[in-house]
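The structure appears right after this line, and notes come after that.
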Amino acid sequence: MANRRRPRSRLHAVMRCGLLALLVLFVYWDNTALRTDSLTYTSTALPAEFDGLRIVQLSDLHNREFGEDNARLYRAVEQAAPDLIFLTGDLVDEYAEAPVPYARAVGEALSAIAPTYFVTGIHEWAHGNAVVEEIKTALREAGVTVLSNQCVPLERGGETIFIAGVDDPNGYADQRSPADLAAEIYQNGADPFWLLLAHRNDRFAGEYSLLGADLTISGHGHGGIWRFPFVGGVFGTQRNLFPSYTSGFYADNGASVFVSRGLGNSPRVIPRILNRPQVAVITLKKG
């Protein structure tokens, strides 16, 4: 009897090994295969000249490389044919040994495709204030517009919208507040269409949604790291279960936010599950 059972046991062992290998391959693919998602934001307030404006948002890269020197990532961005590119924080990782050269290389490649805008996230500030300033300088020298609690106009055909960006709350203690930034935009009775780049998705409901931006664009949530059908994201960046605002459009206090699932993870030993790295392509439409 023992001799009859042995071949079956070996078959089961081979099947288990095969399933394990398939699982490992799937997780690897799930963490390295870029996914480009096309989305539309419609607003009656959008000036007609900006109807059809295409934005590529990249968030939470954490020093990842997609292909040699990020060639696959840049190819995906270029194929999306963006008018603008937004980098919404955690471009570098707090454990990276060379954050500044990485930031410079990414900035040079993206700004060669389309005008690129950057705001800091948590991980930039984890390197300390001096390194943050080096990162910002490197990005500016690479042609990127760094928004440190600032807003800039964007003009088309005689019409103007504003792009504003806030530094992460981990920045300077005396930094300008988001409310002060919004007040500048609305000075002299102006009521323009404006976009707000702000890294932290979990500050939208209680703070950013109250500023008046037509659309806030954020990251930080990593899509909930693991995503399951009918459940959504499983793990929050604050170590909470089933977090809110992890992927896509949300509304609160009459305001809208788009949250990217991001591209990387930190620490990398925790894999993304059913949550492929995202290149988000947002088209603005006049409703």
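A compact table of results
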{"item": "Equivalent ellipsoid semi-axes, the stretch 21-67, via Cα gyration tensor eigenvalues times 5, rooted, Å", "result": "35, 13, 8"}
{"item": "Longest exposed-site-free window of the chain, the sites being chymotrypsin sites (Phe, Trp or Tyr not before Pro) in a DSSP loop that have at most 16 other C-beta atoms within 10 Å", "result": "1-94"}
{"item": "Calculated over the stretch 231-287: convex hull of Cα atoms, volume per residue (Å³)", "result": "114 Å³"}
{"item": "Cα-Cα separations in the stretch 156-284 greater than 21 Å, expressed as whole percent", "result": "45 percent"}
{"item": "Heavy-atom accessible surface of the chain: percent carbon and sulfur, 1.4 Å", "result": "54 percent"}
{"item": "Accessible solvent surface per residue of the chain, calculated while the other protein chains remain in place, 1.4 angstrom probe, Å²", "result": "47 Å²"}
{"item": "Rg/Rg_ref, the stretch 46-124, where Rg_ref = 2.2 N^0.38 Å and atoms are Cα", "result": "1.15"}
{"item": "Choice from P243, P271, P153 showing the highest fluctuation, given a GNM over the chain with Cα pairs closer than 10 Å", "result": "P153"}
{"item": "Stretchable slack from R75 to T145, in nm (0.36 nm times residue separation minus alpha-carbon distance)", "result": "23.1 nm"}
{"item": "Simple Cβ-charge dipole of the stretch 153-260, Lys/Arg +1 and Asp/Glu -1, about Cα centre, in debye nearest 20", "result": "540 debye"}
{"item": "Dipole magnitude (debye, nearest 20) for the chain, charges at Cβ of Lys, Arg, Asp, Glu", "result": "2420 debye"}
{"item": "Reported label for calculated Rg/Rh (Cα atoms, Kirkwood Rh) given [x] 0.94; [y] 0.97; [z] 1.06", "result": "[z]"}
{"item": "All-pairs alpha carbon distance profile, the stretch 134-205, 5 Å steps from 0, percent", "result": "3, 14, 22, 24, 20, 12, 5, 1"}
{"item": "Environment charge at S177 (Cβ cut-off 15 Å; Lys +1, Arg +1, Asp -1, Glu -1)", "result": "-3"}
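The values are calculated or read from the model by the stated rules, or taken from the named source; none is laboratory data. Owing to the predicted nature of the structure, the values given are computational and were not obtained by experimental measurement. Positions of Cβ are backbone-derived with ideal geometry, glycine not excepted, and every protein chain shown enters the neighbour counts. Note: accessible area is taken over every heavy atom of the protein model, side chains too, but ligands, DNA and RNA are not part of it. Shrake-Rupley method; radii C 1.70, N 1.55, O 1.52, S 1.80 Å.
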